[in-house]
Amino acid sequence: MRAVTWQGTHKISVENVPDPQLLNRRDAIVKITSTAICGSDLHFYDGRMPGFEKGDIVGHEFMGEVIEIGDGVTNLEVGDRVVVPFPISCGACEPCVRGETSLCDNSNPNAYLVEAAYGYSPAALYGYSHLFGGYAGGQAEYARVPFADFGPIKIESNLSDEKVLFLSDILPTGYQAAEQCGIKPGDVIAVWGCGPVGLFAIKSAYLLGAAKVIAFDHVGYRREKARTFGGAIAVDPKDVNVVEFLKEQTGGRGPDACIDAVGMESHATSALAALDEIKQFAKVEQDRPHVLREMIQACGKGGTISLAGVYTGYVDMIPMGTAFGKGLTFKMGQTNVHKYLRPLLERIERGDLDPAAIVTHRCSLEDAPAAYKTFHDHADGCEKVVMTP
Ligand SMILES: [Zn+2]
Ligand SMILES: [Zn+2]
């Protein structure tokens, strides 16, 4: 089959690779009909994600048709149309039973590698480094789906791929970021980053009762999308003092919650941010936490800091005294996608939101190298790329 592979920093190629096979009774093989490039794919594209090997098949947002099932999969049939969540989760361990499927104890065969750094391993991920299991990803013609009796959601309506594909990651990720804020009617929510996750966080914050959402992004077309798709007040952080601006917008009290939809690759022009860039380049600091620092400073007293953007390692100079003094709550983690599949599919079916509206680029799997570059460079108004094999 054809598959998108990682070959090194800024090197992506489409290769001929062996077709996936059923390995366990609970596996299924899915023939992929649509797959997307995610902001977190840029972490390995930029060479910032450890544990990749040349030839690894990438991608974790995909859907398609079940073409083969193991005899342990009783809830799916050949021919079913499914969306596959990006965390690989067994459905039976303690975290999975609690609904925290991104913390599955059983899916990462390389758990010991992560335990050395984190103490415990979270769930394995498709197409996302040997640290997280080394599973082949979904930017390919076919994928092996482990625990297929628990993970995928069957799509029985005739909604287009583009309307349901993002259930695999970015829609639940934006939704969880907003849900973690414990939004009460009338709340003001600030969102850093207007990429796909930021857009869905903005939309979700309104669906959950926020009165006003204020969003920040350096890129003009992403701010425009935050206004037209999300209904947010969208501002270039270079044009304002972010903390002062948020005070002005909230009668002086600061936002009730702050959402980080940027993560470890934030850009800024402050002296501390420049120091982060130097330390990250010298590999003495892994992540650039500019957004995190700014959120802690800006958040209102007793507020919530909700992290959806990915962090992988150590960060420096976090203003802990500020967070402690203001009694802030921190919520974070990979998305527990499985828990949100059904409720969010129902919202799409009801027309509460149209996820397809964020798609700006469509191409063939064969065009993946160019599509990665366009998405990475914020070129050509690129918000989200969907590829079809
Ligand atoms: Zn993703
Ligand atoms: Zn589990």
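The values are calculated or read from the model by the stated rules, or taken from the named source; none is laboratory data. None of the values given here were measured: they were computed from a predicted structure. Because the Cβ atoms are built from the backbone with ideal geometry, glycine has one as well, and the counts that use them run over all protein chains shown. We work out accessible area using only protein heavy atoms, side chains counted, and drop any ligands, DNA or RNA first. Shrake-Rupley method; radii C 1.70, N 1.55, O 1.52, S 1.80 Å.
Quick one: how many residues across the stretch 66-105 are out of contact with any Phe, Trp or Tyr (no Cβ under 7 Å at 6 or more places or on another chain), part of a strand (DSSP E or B) and open to solvent by less than 10 Å² (accessible area, probe 1.4 Å)? Spell out the reasoning first.
Of the stretch 66-105, the ones out of contact with any Phe, Trp or Tyr (no Cβ under 7 Å at 6 or more places or on another chain) are 66-83, 85, 87, 92-105.
Filter once more, so that each one left must be part of a strand (DSSP E or B): 66-69, 81-83, 87.
So of that shortlist, the ones also open to solvent by less than 10 Å² (accessible area, probe 1.4 Å) come out as 66, 82-83, 87.
Residues flagged as out of contact with any Phe, Trp or Tyr (no Cβ under 7 Å at 6 or more places or on another chain), part of a strand (DSSP E or B) and open to solvent by less than 10 Å² (accessible area, probe 1.4 Å) within the stretch 66-105 amount to 4.
Listed here are the residues, each with its yes/no results for (1) within 16 Å of ligand 2 (Cβ to nearest atom); (2) touching an Asp or Glu at 6+ places or on another chain (Cβ under 8 Å); (3) outside the structural domain of GLY321 (by TED's automatic domain parsing); (4) aromatic (Phe, Trp, Tyr).
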position	(1), (2), (3), (4)
PHE200	no, no, no, yes
ALA210	no, yes, no, no
ALA215	no, no, no, no
LYS225	no, yes, no, no
PRO237	no, yes, no, no
PHE245	no, no, no, yes
ALA271	no, no, no, no
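When PHE150 is tested against the conditions (1) under 29 Å from VAL359 (Cβ atoms); (2) within 14 Å of ligand 2 (Cβ to nearest atom); (3) under 17 Å from the mean Cα position of the chain (by Cα); (4) open to solvent by 10 Å² or more (accessible area, probe 1.4 Å), the lone failure is (3). Name every residue in the stretch 106-120 that is open to solvent by 60 Å² or more (accessible area, probe 1.4 Å) and assigned to a loop (DSSP other than H, G, I, E, B), in order of residue number. Matches in the stretch 106-120: ASN106, PRO109, TYR120.
So which residues in the stretch 43-81 are over 22 Å from LEU167 (Cβ atoms) and hydrophobic (A, V, I, L, M, F, W, C)? Those that are over 22 Å from LEU167 (Cβ atoms) and hydrophobic (A, V, I, L, M, F, W, C): PHE44, MET49, PHE52. Only a single item in (1) crowded, with 17+ Cβ neighbours inside 10 Å; (2) over 25 Å from the mean Cα position of the chain (by Cα) is not met by ASN24, and it is number (1).
Report yes if TYR118 is more than 16 Å from ligand 1 (Cβ to nearest atom) and out of contact with any strand residue (DSSP E or B) (no Cβ under 8 Å at 6 or more places or on another chain), otherwise no. Against the criterion (more than 16 Å from ligand 1 (Cβ to nearest atom) and out of contact with any strand residue (DSSP E or B) (no Cβ under 8 Å at 6 or more places or on another chain)), TYR118 qualifies. Considering only residues in the stretch 151-184 that are hydroxyl-bearing (Ser, Thr, Tyr) and away from ligand 1 (no atom under 15 Å from the Cβ), the one that is modelled with the highest pLDDT turns out to be SER160. So, in the stretch 153-192, of the ones that are closer than 17 Å to GLY263 by Cβ and of a type in the set (A, V, I, L, M), which residue ends up surrounded by the most Cβ atoms within 10 Å (Cβ to Cβ)? Step by step, filter the stretch 153-192, then rank; the result is VAL191.
Of the residues making up the stretch 193-222, those that are open to solvent by 40 Å² or more (accessible area, probe 1.4 Å) and closer than 20 Å to GLU244 by Cβ number 2. Of the residues making up the stretch 366-389, those that are of a type in the set (A, V, I, L, M) and surrounded by fewer than 20 Cβ atoms within 10 Å (Cβ to Cβ) are ALA370, ALA379.
For first residues located in the stretch 34-46 and assigned by TED's automatic domain parsing to the domain that holds GLY138 and more than 11 Å from ligand 1 (Cβ to nearest atom), partners that are acidic (Asp, Glu) and open to solvent by 10 Å² or more (accessible area, probe 1.4 Å) and lie 6+ apart or on another chain with Cβ distances below 8 Å form the pairs SER34/ASP161; SER34/GLU162; ASP46/GLU265.
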